[in-house]
Amino acid sequence: MRKDEGRPSETVFLCHILKLNEEVVKMKKIGILLLIAVFVGVTFGAVPVFAAAKILKLAEVHPKGYPTEMGDQKFSELFEKLTQGRYKIQVYGNSQLGSENDVVEQAKLGVIEFVRVSTSPAISVFPEIGVYSMPYLFRSQDHMWNVLNGPVGQHFLAAMEKVGLVGVGYFDPGSRNFYTTKPLKSVADLKGLKIRVQPNPIMVNLVKLLGATPTPIAYAEVYSALQTGVVDGAENNVPSWVSQNHYEVAKNFIKDAHARLPELLMVSKKFWDTLSAADKKAMKDAAKEATAFQIKAWNKAEDDYLAQAKAKGCIVSEANIAEFQKAVAPIYAMPEYASYKQWVDKINATK
Ligand code: BDP
């Protein structure tokens, strides 16, 4: 009896095993089908529904809410949308990824996909673009945009490909002006002062022509350089002066508008070359719209930051522009900038 008792449960057990086997076979079939689907998708260009977005890095020196940073965010949002979420750009502000000179090098190597930097750090890898930092080159904001949107501006964006970078677009830089810890009303007041400049040979020469001593320092270190007296002043646009708190220490600002150095949005050529023609177009389109957005944000920020500085008791003086122009004019005759003449002429001829 005992032997017989065991029989029904053995049968049930066997049935279970058989059912389980069927399930395993079913699951294997589904697995194989899924594998085929992925293979076909990848091989023939269809995108598997579960593909994760590729994360890209964009280096920026400014903090959240600064107009160029807002432009970066807009660009990132649009590029993601235009590529149906296949790419996601993460903006690293506040010099988190390094100084502008460092990140330009990293973008050349393909370690960082995008950089938003001033023209200055691009000069070390592409000297021709230095022409943009010549003093009083652009007559106004409108003149600058006519140049940037015209053949000269577009030439520079494309030509950087030779050095491993592709210019995607420009952002508005405003105009650069001097500010110091000492009273500042004229060129004479700059005499003998130590002035922070971007690591840019043209800015070094410009400051020398004004009788001051240029000190190249990375952007993130300017505040402490001013505070500790390593420098007596710096030169920049109003939003940088205020957002970096330089205005707390260097309260004297003179509106001499000696230069406008276009802000560059560049992509690593290494990454650019991996893109389809449609994605390259998407990137350019995203940049175009982001530029229009940034210009609006810029114009508003300039006014807001200036009001903030005045409210905090800063002294903002109007410069005798002719006096500044006269002092720096000899830079155009320096032999090291002879090759800029062809560009200067084209820029002067632009309406
Ligand atoms: C600001 C530019 C930023 C530069 C900075 C500087 O937006 O890209 O790094 O000047 O002076 O106006 O270093």
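The values are calculated or read from the model by the stated rules, or taken from the named source; none is laboratory data. Note that this is a predicted model, so its numbers are computed, not measured. Backbone-built Cβ (ideal geometry, glycine too); neighbour counts: all protein chains shown.
Does the stretch 85-106 contain at least one residue that is of a type in the set (Lys, Arg) and away from the ligand (no atom under 14 Å from the Cβ)? Yes; the residues of the stretch 85-106 include at least one that is of a type in the set (Lys, Arg) and away from the ligand (no atom under 14 Å from the Cβ). Take Leu261 and decide whether it is under 18 Å from Pro67 (Cβ atoms) and part of a loop (DSSP other than H, G, I, E, B). It is true that Leu261 is under 18 Å from Pro67 (Cβ atoms) and part of a loop (DSSP other than H, G, I, E, B).
In the stretch 223-242, which residues are buried (at least 19 other Cβ atoms within 10 Å of the Cβ) and assigned to a helix (DSSP H, G or I)?
Our first condition is that a residue be buried (at least 19 other Cβ atoms within 10 Å of the Cβ); within the stretch 223-242, this holds for 225-226, 231-242.
Answer for the stretch 223-242, where residues must be buried (at least 19 other Cβ atoms within 10 Å of the Cβ) and assigned to a helix (DSSP H, G or I): Ala225, Leu226, Val238, Pro239, Ser240, Trp241, Val242.
Could you tell me which residue of the stretch 165-213 is surrounded by the most Cβ atoms within 10 Å (Cβ to Cβ), considering only residues that are of a type in the set (S, T, N, Q) and within 16 Å of the ligand (Cβ to nearest atom)?
Going through the stretch 165-213, the residues of a type in the set (S, T, N, Q) turn out to be 175, 177, 180-181, 186, 198, 200, 205, 213.
Next, from what is left, pick out any that are within 16 Å of the ligand (Cβ to nearest atom): 175, 177, 180, 198, 200.
Values: Ser175: 20, Asn177: 23, Thr180: 24, Gln198: 28, Asn200: 23.
Across the stretch 165-213, the extreme among qualifying residues is Gln198.
Rundown of residues vs (1) on the phi > 0 side of the Ramachandran plot; (2) small (Gly, Ala, Ser); (3) within 14 Å of the ligand (Cβ to nearest atom), yes/no style:
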{"residue": "Thr215", "(1), (2), (3)": "no, no, yes"}
{"residue": "Tyr223", "(1), (2), (3)": "no, no, yes"}
{"residue": "Ser240", "(1), (2), (3)": "no, yes, yes"}
{"residue": "Asp256", "(1), (2), (3)": "no, no, no"}
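Contact map, the stretch 309-324: first residue hydroxyl-bearing (Ser, Thr, Tyr), second residue at pLDDT 95 or above, Cβ cut-off under 6 Å, separation 6 or more or different chains; pairs are Ser317/Lys185; Ser317/Ile254. Looking only at residues of the stretch 243-258 that are among the small types (Gly, Ala, Ser) and not in a strand (DSSP E or B), we find that the one that is nearest to the chain's Cα centre (by Cα) is Ser243.
If you go through the stretch 270-283 one residue at a time, do you hit one that is touching a Ser or Thr at 6+ places or on another chain (Cβ under 8 Å), more than 16 Å from the ligand (Cβ to nearest atom), farther than 28 Å from Glu128 by Cβ and not in a helix (DSSP H, G or I)? No, the stretch 270-283 has no match at all. Of the residues making up the stretch 128-144, those that are in a helix (DSSP H, G or I), away from the ligand (no atom under 16 Å from the Cβ) and in contact (Cβ under 8 Å) with a residue 60 or more places away in the chain are Glu128, Val131, His143. If the condition is being part of a helix (DSSP H, G or I), in contact (Cβ under 8 Å) with a residue 24 or more places away in the chain, among the small types (Gly, Ala, Ser) and farther than 11 Å from Pro262 by Cβ, then the stretch 150-184 contributes only Ala159. Under the condition of being away from the ligand (no atom under 13 Å from the Cβ) and of a type in the set (Val, Ile, Thr), the residues counted in the stretch 108-118 number 2.
Taking Pro121 as the residue in question, decide whether it is within 16 Å of the ligand (Cβ to nearest atom), assigned to a loop (DSSP other than H, G, I, E, B) and buried (at least 17 other Cβ atoms within 10 Å of the Cβ). Considered against the rule, which asks whether it is within 16 Å of the ligand (Cβ to nearest atom), assigned to a loop (DSSP other than H, G, I, E, B) and buried (at least 17 other Cβ atoms within 10 Å of the Cβ), Pro121 comes out as no.
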